[in-house]
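These notes are about the structure you will find just below.
Just so it is clear, none of the values below were taken in a lab; they were calculated from the coordinates. Computed from a predicted model, the values in this text were never measured in an experiment. Please note: Cβ atoms are built from the backbone with ideal geometry, for glycine as well, and neighbour counts cover all protein chains shown.
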Amino acid sequence: MANILVISYYINSDGVACSHHIDDRIAELIKLGHSVIICSASFVPLLGSVRHLRFSSLSPSGFRFETRQRLKDTKLSPWHRLILRMFLILNQIPYAFERLAFRRDVTWSWAKPASRGIIRECERKDIDLIYSTGGPAVAHLVALLVTRSTNMPWIAELQDPLIHSYCAKSKGELNKLIELEKNILSKSIKTFFLTKNAAKTAENRTQIRGKAFSIYSGAPEVQSANVAPLKKVPPRLILGHFGSLGGIRNLASFISAMKIAIKERPEIETDLQISLYGNLANDDRVRINEVNLNKNFIESGTCSRENALTRMMECTALFLIQGEHDISIETIPSKTYEYLNTGKFIFALVHQNEEINNIVSSAGGMVAEVSNPEEISIRLLELHEIWKIDFCLPTTPRNNYLVKESVAKMLSISLKD
């Protein structure tokens, strides 16, 4: 068994997808008998089951961001909250100067304190493997700095591609990310991507071969869920969407498709309900109001991961939406695997992503191109036609993409040499 040091800016943070990803893997690493030490930002809740190192960013922007994250903690005392707000006020001037001088992600300044602390930890502890993941790219920079100082073996996992059209706020930051990507593939013993397309694109971009591997992230295995019986009177076709909507991932194409489908088959307006679990941006609310479909879209608010499974099982089908963006071609939303884990029918709107198309279609779900309202309307009419037969949809095979299999494969590839 190995002693593994995990580096990730976010850990143990509910509602943060990149945190859920590594949280699931930490649990599996422990189940497999490995010893785990974790390193994260200072504001995340302490994970008491393992040794947890937390470090604060040094820059005014990093301090501002992390202090605001701390203020979200409902357990803070009024005095503690007042002190933090006073520090934020005092930080305003240095923050303004920094923003004038630099345009970059606020997490970059976490690299120095985190790397120094981890190097000291490596001097005291017998570490067999460094594993960086994220989320913010700074986790991989920290791992690179530690590896250079200690010569520890390092594996990197890129949850999202480092390079895409909105990855940087300035040319300087873009160059930094390009250099970091090259260093990750050249200095790590293995680099893991969550799609085949992302691995292939990174290899082509860096011209570094033989280091990139793709492993689907999967979801935790689900035993059971307490689900209230679905109300049959009146029956409704309930599409459940879980996760935030706004920006590039929105309801625009689906709303246009609904208008087309309703024009052809008016009863869809009565039969269809879209339950939205998560934050909804105002631009989507405006779109819904403009076409008078308020009764069809139900905002159910955010729910915890624990409660999400129960809510999913109450839906007729589960609704997946990708944004019309180049990054969507190289990513698979983690929610995809959680959906598959329920055995529920999946209705997916994807953007030029053959991997999601194949995964969902092979599970018996339905897929349409998110940028094509006409195609979405055809699929919606087909979905409604199937549902009308017995006021339900066929179940699908249970998920074959599990976290435990993903972790086992990653370790097998990394440690076999």
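Odds and ends about this structure:
- Gain on full stretching of the segment that runs from Ser56 to Glu385 - 0.36 nm per residue minus C-alpha separation: 112.9 nm
- Ordering of 175-184, 351-360, 277-286 by packing is 351-360, 175-184, 277-286, highest average first (other Cβ atoms within 10 Å, averaged per residue).
- The charge dipole of the range 267-307, taken about the Cα centre with unit charges on the Cβ atoms of Lys, Arg (+1) and Asp, Glu (-1), comes to about 160 debye, rounded to the nearest 20.
- Note on the range 237-326: Rg/Rh from C-alpha atoms, Kirkwood Rh, equals 0.96.
- Label of the coordinate-derived value, semi-axes √(5λ) of the Cα gyration tensor in Å, listed as (i) 34, 29, 18; (ii) 49, 24, 19; (iii) 39, 25, 21: (iii)
- The range 237-390 - share of DSSP beta bridges that are antiparallel (%, nearest 5): 5 percent
- Of the residues His21, Ser361, Gly172, the one whose Cα sits farthest toward the positive end of the charge dipole of the chain, with +1 on the Cβ of Lys and Arg and -1 on the Cβ of Asp and Glu, is Gly172.
- Pairs exceeding 24 Å between alpha-carbon atoms, taken from Lys171/Lys196; Lys171/Lys211; Lys335/Lys416; Lys196/Lys404: Lys171/Lys196; Lys171/Lys211; Lys335/Lys416.
- Selection among Ser328, Ile248, Ala308 by position relative to the dipole of the range 237-390 gives Ala308 as farthest towards the positive end (Cβ unit charges, Cα centre).
- Rounded, prolate or oblate (a/c below 1.5 giving rounded, otherwise prolate when a/b exceeds b/c) for the range 237-390 by Cα gyration tensor: rounded
- Helix content alone sets the calculated 222 nm mean residue ellipticity of the chain: runs of n ≥ 4 DSSP H residues at -39500 (n - 2.57) each, divided across all residues, give -14000 deg cm²/dmol.
- Using R0 = 35 Å, the C-beta based FRET efficiency linking Thr310 and Met1 works out to 0.50.
- Placing unit charges on the Cβ atoms only, positive for Lys and Arg and negative for Asp and Glu, gives the range 14-94 a dipole magnitude near 300 debye about its Cα centre.
- A Cβ-based charge dipole, computed about the Cα centre of the chain with Lys and Arg at +1 and Asp and Glu at -1, lands at about 1460 debye.
- Gyration tensor (alpha-carbon) shape descriptor, the range 72-114, a/c threshold 1.5: oblate
- The range 279-358 shape via C-alpha gyration tensor axes, a/c threshold 1.5: oblate
- Charge-dipole axis of the chain as Lys and Arg at +1 and Asp and Glu at -1 on Cβ define it, positive-most pick from Ile11, Tyr216, Val407: Ile11
- Placing a label point 7 Å from the Cα of Ile260 along the Cα-to-Cβ direction, the residues of the range 373-417 whose backbone N falls under 19 Å of that point are 373-386.
- The fewest-to-most ranking of Ile26, Ile189 by surrounding Cβ atoms within 10 Å reads Ile189, Ile26.
- Annotation: the antiparallel percentage among DSSP beta bridges lying fully within the chain is about 0.
- Between Thr395 and Ile93, the contour length at 0.36 nm per residue exceeds the alpha carbon distance by 103.0 nm.
- Around Cys18: net Lys/Arg minus Asp/Glu count, Cβ-Cβ under 14 Å: -3
- Once the Cα-Cα distance is subtracted from the 0.36 nm per residue extended length, the Asn204 to Thr270 segment shows a gain of 18.8 nm.
- Point-to-point label distance, Lys125-Ile178, nm (Cα→Cβ direction, 7 Å offset): 3.7 nm
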